[in-house]
Amino acid sequence: MKFGSLKVLFSLFKESGKKAEDIIDDNEILSRFLFQNGDFNKNTNKFKKHNRLLPLFNDKKMRYETSVYRTSLCKNDAEAWNIGDKFAGKPTALPKAMININARTLRSEDIKLDVVSSKEPHDLHADIINWPKEKEDQMLIAKILKRESTLVIRKP
């Protein structure tokens with residue numbers, strides 16, 4: 001990239017009010033925490049329920065979104081699990097596993113979703129957006145994401 005191109009890029013950040021850390025790179029790994037043993041199979045190390053990836057409608061932002069965390073920015077696995085412990089679920093339940101998916105996969109021509117930084121309730125929180133309105137289409141995309149994701153089971 002030429003210096004002039006960098007100047008243009010930084011001016012776009014300045015105009016949009018976004019900081020460089022708000023931009024989610026295609027290579028980032030995004031994680032959704034799982035709290036129920038029935039969501040995955042420990043023996044086969046497979047994620048079972050695609051509905052855990054389905055979006056909820058956000059009335060304030062008037063869009064469908066799925067909550068994830070930018071765990072590839074964590075210093076280590078312990079930091080990622082700590083985020084899940086404190087921010088992803090209920091105070092009484094700890095995550096048992098996490099589903100990891102690459103941001104590039106979300107943005108692919110087949111899926112056409114996007115992911116944006118939201119920083120609430122944690123600086124590494126993000127939302128998967130651009131979900132279709134129709135439930136049937138959402139289910140189809142969630143099934144593709146399930147197939148493209150990897151499961152990480154928490155070690156005891």
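Things to note:
- Using alpha-carbon coordinates, inclination of helix 3-16 to the longest axis of the chain, degrees: 70 degrees
- Across region 24-153, Cα-Cα pairs farther apart than 26 Å form 15% of the total.
- On Cα atoms only, tilt of 135-148 relative to the major axis of the chain in degrees: 90 degrees
- Multiplying the residue separation of ASP114 and MET139 by 0.36 nm and subtracting their alpha-carbon distance yields 7.4 nm.
- The trypsin sites (Lys or Arg not before Pro) of region 47-123 that DSSP puts in a loop, and whose beta carbon has at most 13 other beta carbons within 10 Å, are LYS60, LYS61, LYS75, LYS112, LYS119.
- ARG107-ARG154 pseudo-label distance in nm [points 7 Å out on the Cα-to-Cβ vector]: 3.1 nm
Any read-out appearing in this document is the output of simple, stated calculations on the displayed coordinates, not a laboratory observation. Everything numeric in this text was worked out from a predicted model, so none of it was measured. Don't worry about glycine lacking a Cβ; one is built from the backbone with ideal geometry, like all the others, and counts go over all protein chains shown.
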